[in-house]
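Below is one structure, written out as structure tokens; the observations come after it.
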Amino acid sequence: MPEIRQRLTHCFASIFPNLSDDEIQSASHTSVANWDSLVTITLISVVEEEFNVSIPLEDFDNMVSFEQVLDRVWRRIENAS
Amino acid sequence: MKLVEALKILQGAPPTNAEELSVYLACGFLPLHLVTFIEAYLRQRLPDRQIAIETGIYGDLPGNLGKFKGAATCIGVVVFEWADFDSRLGLRSLGGWGPNVLADILINVQLRADSFLELLKDVSSSKSVVISMPSLPLPPVSYHPIEQASLWQLQLIQAVNDFAVSAAVIPNVKILNQWSLEMSSPLAERLDVKSELSSGFPYRTAHASRLAKMLARLIQSSQSKKGLITDLDDTFWRGLLGESGVMGISWSLERHSHIHALYQQLLRALSDSGVLIGVVSKNDPALVLEAFEREDLLMTHGRLFPFEVNWSAKSESVGRILQIWNVSPDSVVFVDDSPLELAEVKSVFPEMECLRFPRDDDQAAYILLEDLRDLFGKEFVFEEDAIRLDSIRSGAELRNQKMNGPSLEADFFLKQLEAELTLNLTYDASDERPLELINKTNQFNLNGKRMSKTELVSRMAAHNAFFLLVSYRDKYGPLGKVAVILGKVDSQRLNIDTWVMSCRAFSQRIEYKCLEYIFDELGISEITFDFKPTVRNRPLQEFLLKVFGAELRPTYTLDKETFSNHKPALYHTIKGLIHA
């Protein structure tokens, strides 16, 4: 889990370069000003590439914070193994 | 390139005061990651430029083409997909896929193609356009089994291909090579259904990246190489000449050495398009001469120059060829079958592309042929390409005469050259040679500034634009169009911001004759030069130091009197003058 958290932080940093690692851990679409639907799609594309997973469409609406994205990625990796 | 890498590249700030390259991306889908990748690849190719990409409105490609026409940007990328020709060929509309709609789709595609063609003709009259034809697989519209190419599908593809053919002949339009894209991005791995349905972006990220990479290369082409130096044994032909003898070497199907015949054929084709081909071989010179008398050679002795056949280190031979060609190592490719020889040459010329001819692996050798084609790829073949080898051969003879002749005075040789210049003061947009000179010349180049066709056309449209294209010939034959000067005239002052001259024209004092003409015949009293030193423009720097002395600085101002005091004797005749 810590390794996944670290890689996910790296993914977030590529999209939100102005956030510190600590800010990324608590980031959500309500706390980050420019986090809109297109950013969510870009974020999911980056995450899918990084972790080689496919995140279903219905999960998109529930991936609007760092913790939620981490949770979905973790579940996908668990299901795959 | 992964999406995360592209995003990281975009986070880096371009240099301050970087000149902007503005590109308009017109497509009917949401451009999303395609914009990111195009910008990232352009940033990689042009680290000194600031890249700006403008996009249009989702779902309205014709409207976006119209917006591009009105936009300030002069380079456009148009990415077509099937849905742009008929929305029923996309996944986000539900207009029906039944047999009853197929004929209507076909008619609609043809109408749309005609309309796009008119828009492209209109836009490309003042802008450069790069086009990608539909790269996604067709949706399951046709009722035929998937392995059967239906008449409808063939007609549909023909309609779109006919459109591409018509677009390809429009000046300023380049079409992305779909077969080349297929090599890096297989058709089955391009469509991202989930992304198309969720956001309207239809490409998998890997496909978007590969497509963007090719588009960026079309927007900003690489400089093609100028010369190729080849080894002979087990490269140009199969076998060791010294061991097997003249009839023992081969390049034929019968002797299982046909790949060497293909290599010779490619060298001949490159030579026909103006690439210089030289030979470096550790061999007996007399034996090599004898081998080149064989009539079945595809690349004959006369097309190769110079021959460096000796037993010395290959880097020494390569160095002599570079001197004769007067080109820099990074413009040249060296091909040899021996990793040791390649490493030796590379150690002396690290900028040179050194490629191994894999003599025992036909498949790998074939890939080498493809790579060579790419390295020497060019958009046009000019008259100058056909005479390049002869002019270099003449130049070498001239140098020999200088070394061995009765007088060592440069003037003696220049005087008997019977040099003639043709000066063209009128820019003709259909002549691509000035742009080639501007974008290929490194050594005699005022500041290393490059430009696109559209930038050049736009600059020349200004009321005070100055243009001078110089052609040269002497008793040894023509060199063709060898120099370009661009600038702006303000009353009696001329500001030159682009000045390039082919390396084949060095030492003939053409640069002095140009300035003399500008001062004496055009009524200019003062010329300023926007100079910038580059790693490669040493010959230009030396010229400035000769005229101005002292040390190099960013701007030079030259008046008629100073020039008259510094110019050497000039023996050229102005033979032709083209003026609007």
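The strands (runs of 3 or more DSSP E) falling completely within the stretch B:474-579 that include 1 or more residues that are open to solvent by 10 Å² or more (accessible area, probe 1.4 Å) and hydroxyl-bearing (Ser, Thr, Tyr) map to B:526-530, B:555-559, B:573-578.
Residues that are open to solvent by 70 Å² or more (accessible area, probe 1.4 Å) and more than 12 Å from chain B (Cβ to nearest Cβ) were ranked within the stretch A:4-16; the one that is nearest to the chain's Cα centre (by Cα) is A:Arg5. Listed by first and then second residue, the pairs linking a residue in the stretch B:230-257 that is in a helix (DSSP H, G or I) to a residue that is among the small types (Gly, Ala, Ser) and modelled with pLDDT of 95 or more, with Cβ atoms under 7 Å apart and 6 or more places separating them unless they lie on different chains, are B:Leu241/B:Ala291. With open to solvent by 30 Å² or more (accessible area, probe 1.4 Å) and within 14 Å of chain A (Cβ to nearest Cβ) as the only criterion, which of B:Gly95, B:Gly66, B:Gly12 stands out? Going through B:Gly95, B:Gly66, B:Gly12 in turn, just one is open to solvent by 30 Å² or more (accessible area, probe 1.4 Å) and within 14 Å of chain A (Cβ to nearest Cβ): B:Gly12.
Within the stretch B:450-471, the set of residues being without any contact (Cβ under 8 Å) to a residue 60 or more places away in the chain and touching a strand residue (DSSP E or B) at 6+ places or on another chain (Cβ under 9 Å) comprises B:Met451, B:Leu456, B:Arg459, B:Met460, B:Ala462, B:Asn464, B:Ala465, B:Phe466, B:Phe467, B:Leu468, B:Leu469, B:Val470. Considering the stretch A:52-66, and only residues there that are touching a residue at least 12 places away in the same chain (Cβ under 8 Å) and either loosely packed, with under 12 Cβ neighbours inside 10 Å or of a type outside the set (D, E, K, R) (or both), the residue that is farthest from the other protein chains (Cβ to nearest Cβ) turns out to be A:Ser65.
The set of residues from the stretch B:280-335 being of a type in the set (Val, Ile, Thr) and open to solvent by 40 Å² or more (accessible area, probe 1.4 Å) comprises B:Thr300, B:Ile324. Within this structure, B:Tyr58 passes the test of being within 14 Å of chain A (Cβ to nearest Cβ), outside any strand (DSSP E or B) and touching a residue at least 24 places away in the same chain (Cβ under 8 Å).
Listed conditions (1) part of a helix (DSSP H, G or I); (2) in contact with a helix residue (DSSP H, G or I) (Cβ under 6 Å, 6 or more places away or on another chain) are all met by A:Glu58, apart from (2).
For the stretch A:17-51, taking the residues that are within 11 Å of chain B (Cβ to nearest Cβ) and over 11 Å from the mean Cα position of the chain (by Cα), the one that is least open to solvent (accessible area, probe 1.4 Å) is identified as A:Glu49.
The values are calculated or read from the model by the stated rules, or taken from the named source; none is laboratory data. Quick caveat, the model's predicted, so the values are computed rather than measured. Methodologically, a virtual Cβ is constructed for each residue, glycine included, from the backbone with ideal geometry; neighbour enumeration extends over all protein chains shown. Side chains included, ligands, DNA and RNA excluded: accessible areas come from the protein's heavy atoms. Shrake-Rupley method; radii C 1.70, N 1.55, O 1.52, S 1.80 Å.
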